[in-house]
Amino acid sequence: MDQHEHDATPTPTEVSRPETQEAPGGRSTTARSAILVVVLAAVLCVLFAGDSIESSGEEMPEGVPRDVVVAVGGPTGSIARALPFASAADAVVGWFEADDPAPARAVRPATVPGQAGASAGAITEADFDRRAVQSTTPAPTLKSLLVTGDSMSQPLDVHLARALEPKGVDVVRDPHLGSGISKTAPVDWTQLAPEQIAKDPVDVVVVLLGANEGFPLPVGGGKPDADCCTAAWAAAYATRAREVAQSWLDGGAQQVLWLALPAPQDPRRQPITRAVNAAVRVALGAFGGRATMLPTDDLFTPGGRFRGSMVVDGREQIVRREDGIHLNEVGSELAAQTTLAELRRLYRLP
């Protein structure tokens with residue numbers, strides 16, 4: 001398998017603690033006032049940055065300090081996500097940082113090149129998820145399915161074929177080993193996608209792709225190629241991923257289901273996976289209900305932490321291969337079950 005590893009990983013910045021100084025002469029505060037200020041500051045931190053505490057804890061190395069931060073961050077993150085203040089704060093901070101080349105953990109580009117052109121067409125009922133709105137139209141019958149990607153899509157394609165073909169669904173399996181969106185060999189996905197849908201018109205395209213990513217991407221405008229995993233790289237990757245999905249949909253596919261990458265075991269590859277997942281989520285956002293990213297990253301690696309085994313059918317089972325990247329038979333079957341559950345919500349199976 002053709003793999004590319006990115007050696008430059010983000011380094012946490014150590015924040016120094018200022019020395020304690022005596023307050024200069026002037027207006028003094030009572031102990032009660034000081035306590036009120038501390039309580040108010042704590043409340044504001046929970047409201048505006050509670051989820052940041054949780055995410056920061058998840059990215060810390062294993063140990064007692066991480067366990068303490070995660071224990072505190074879990075409840076504060078739940079409170080922050082339930083209220084609108086955190087998103088408002090993120091919007092303000094994002095405005096100031098829109099032009100700042102972010103590290104690998106911050107690959108949420110404010111804009112994606114060419115995004116307006118892809119979503120500027122007339123909005124139709126196909127843009128809405130059937131589960132989100134009331135519809136008198138019965139769910140369509142699933143007749144055909146394309147399972148594609150790199151080596152990550154195997155043996156997912158086999159499990160989906162075993163489940164669907166006995167029900168009369170035509171399953172096309174088209175993996176391209178060693179390929180990637182950030183490279184053009186052995187295939188260029190922007191050229192392959194329209195060829196796939198022209199050769200085998202299908203209702204749904206299922207994608208699992210990303211074991212060979214991290215190569216520099218052109219950004220245009222006379223600028224040098226962007227290295228992974230900056231915001232510029234994520235924007236370029238999202239542009240190419242959106243073009244690929246657009247080709248499938250333009251070719252007649254009703255739905256694109258793109259499985260998120262589980263975190264790999266190698267910490268040097270984890271920034272690549274995070275950047276790819278973030279970029280694909282931005283790319284699919286242009287298509288409304290016609291394209292969905294399945295949260296298989298959270299299923300296999302909650303919080304972005306690698307795990308080789310998990311509880312499946314009531315017992316601990318290994319779900320990853322020895323390389324720490326691919327899903328094994330058990331993991332692929334679990335990914336197939338997740339995909340089938342989504343298909344049942346969207347279609348009537350024969």
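Just so you know, all these numbers are worked out from the coordinates, no wet-lab data involved. Values in this document were obtained by computation on a predicted structure and should not be read as measured data. Cβ sites come from the backbone with ideal geometry, for glycine too, and all protein chains shown count toward neighbours.
Here are the numbers for the structure shown:
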read-out: Length-normalised contact order for region 124-346 - Cα pairs under 8 Å, 6+ apart - percent; value: 21 percent
read-out: Tail fraction, Cα-Cα pairs, region 197-246, threshold 12 Å, whole percent; value: 71 percent
read-out: Alpha-carbon Debye profile of region 289-350, log10 I(q)/I(0) at 0.22 Å⁻¹; value: -0.94
read-out: Fewest-first sequence of TYR347, TYR237 by Cβ atoms within 10 Å of each Cβ; value: TYR347, TYR237
read-out: Partner lysines for LYS143 [C-alpha distance under 20 Å; skip if fewer than 8 residues away on the same chain]; value: LYS167, LYS199
read-out: Long-range HN-HN contacts of GLY214 with modeled amide H, under 5 Å; value: SER182
read-out: Residues with amide H under 5 Å from that of VAL219, placed H, sequence gap 5 or more; value: ALA226
read-out: Amide H contacts of LEU294 (H built 1.01 Å from N, under 5 Å, at least 5 apart or other chain); value: TRP258, LEU259, ALA260
read-out: With 10 Å bins from 0: P(r) over region 124-346, alpha-carbon pairs, percent; value: 8, 34, 37, 18, 3, 0
read-out: Whole-Hz couplings from phi, Karplus 6.51/-1.76/1.60, listed for region 149-154; x for Gly and Pro; value: x, 9, 5, 4, 7, 10
read-out: Full-stretch length increase - GLN254, THR141 - with 0.36 nm per residue and alpha-carbon distance subtracted; value: 39.5 nm
